[in-house]
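Peer 1: Submitted below is the structure of interest, expressed as structure tokens.
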Amino acid sequence: MKFAYSYYCSIHILVLRNDEILLMKRKNTGYEDDKWSVVSGKLDGNETVIDAAIREAKEEVGITVSPSDVRVIGVTQRKEMTEWIDFYVTLNTWEGEVTNVEEDKCEQLAWFNQEELPEGMIEHVRQALEQNRDSMWFRTYGTFK
């Protein structure tokens, strides 16, 4: 009997303020350290994508989010060393002050104009941010087969 292949799943949260997006510079994670990314993390299992976004927003930047304020905008099937399904969501409303809660994993938080993203971003995240956010999108990243 052939077993089903399993993927890792992640959540990528676009925290938006007017024309700006919140980015974090990674450190000590073992993956793409010293590069900019959005708030993100792995799904823990036994949680929805929305629940994962709410949890990660609180854990990483200290904000409280209502489920109705999380909007799923896209999905990426990604292959690097391992295979991932990445869910992208937007947040425009939250409670609390954005703070660097995980200073051991995040060197810096900064707001950037969405049209002027910094150099040194994780490439698959940059490509996802360039997608149209008016409708749901799907894309692949990496080489399969």
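Peer 1: So which GluC sites (Glu not before Pro) in segment 1-70 end up in coil per DSSP with only 10 or fewer other C-beta atoms within 10 Å?
Peer 2: Details: sites: 20, 32, 47, 56, 59, 60; in loops: 32, 47.
Filter output for segment 1-70: empty list.
Peer 1: To the nearest 20 debye, what is the magnitude of the charge dipole of the chain about its Cα centre, counting +1 on the Cβ of each Lys and Arg and -1 on the Cβ of each Asp and Glu? Mind showing how you got there, number by number?
Peer 2: On the way: 17 positive and 27 negative charges, 145 e Å.
Taking the Cα centre of the chain as origin, the dipole is about 700 debye.
Peer 1: Residue 10's amide H: which non-local residues (gap 5+, or another chain) put their own amide H closer than 5 Å, with H modeled 1.01 Å from N in plane and none for Pro or chain starts?
Peer 2: 43, 85, 86, 87
Peer 1: Taking the chain as a Gaussian network, where each spring joins two C-alpha atoms under 10 Å apart, which residue of 66, 135, 40 fluctuates the most?
Peer 2: 135
Peer 1: Based on the mean of other beta carbon atoms within 10 Å per residue, what is the order of 83-89, 110-116, most packed first? Numbers along the way, then the final one.
Peer 2: Numbers: 83-89: 19.9, 110-116: 12.1.
With the highest mean Cβ count within 10 Å placed first, the list reads 83-89, 110-116.
Peer 1: Moving on to the next point. What lysines could a cross-link reach from residue 2, if we take a straight Cα to Cα line under 17 Å and drop same-chain neighbours fewer than 8 places away?
Peer 2: none
Peer 1: Using r as the Cβ-Cβ distance of residue 132 and residue 17, and R0 as 22 Å, what FRET efficiency do you calculate, to the nearest 0.05? Write down the numbers at each step before the final one.
Peer 2: On the way: r = 20 Å, r/R0 = 0.91.
So the FRET efficiency works out to roughly 0.65.
Peer 1: Let me ask another. If you wrap a convex hull around the C-alpha atoms of segment 80-144 and split its volume per residue, what is the figure in Å³?
Peer 2: Numbers: hull volume 9.7 nm³, N = 65.
Spread over its residues, the Cα hull of segment 80-144 gives 149 Å³ apiece.
Peer 1: I would also like to ask the following. Count the lysine pairs in segment 8-141 that are 8 or more places apart or on different chains: how many have C-alpha atoms under 21 angstrom apart?
Peer 2: Value for segment 8-141: 14.
Peer 1: I need the phi-derived Karplus couplings for segment 56-72: 6.51 cos²θ - 1.76 cosθ + 1.60, θ = phi - 60°, integer Hz, Gly and Pro marked x.
Peer 2: 5, 4, 5, 5, 9, 10, x, 9, 9, 10, 8, x, 6, 8, 9, 10, 6
Peer 1: Kirkwood hydrodynamic radius (Cα pairs, Å) of the chain? Show your work: numbers first, answer last.
Peer 2: Values: mean 1/r = 0.0639 Å⁻¹.
Final number for the Kirkwood radius of the chain is 15.7 Å.
Peer 1: Something else about it: All other residues with a Cβ under 13 Å from the Cβ of residue 35 taken together, and with Lys, Arg as +1 and Asp, Glu as -1, what is their net charge?
Peer 2: Values: positive: 25, 26, 27, 105, 126; negative: 32, 33, 34, 107, 119, 123.
Local charge sum for residue 35: -1.
Read the figures in this text as sums done on the coordinates, not as results from a lab. As the structure is a prediction and not an experimental result, all values here were calculated from the model. All Cβ positions, even for glycine, are placed from backbone atoms using ideal geometry, and neighbour counts span all protein chains on display.
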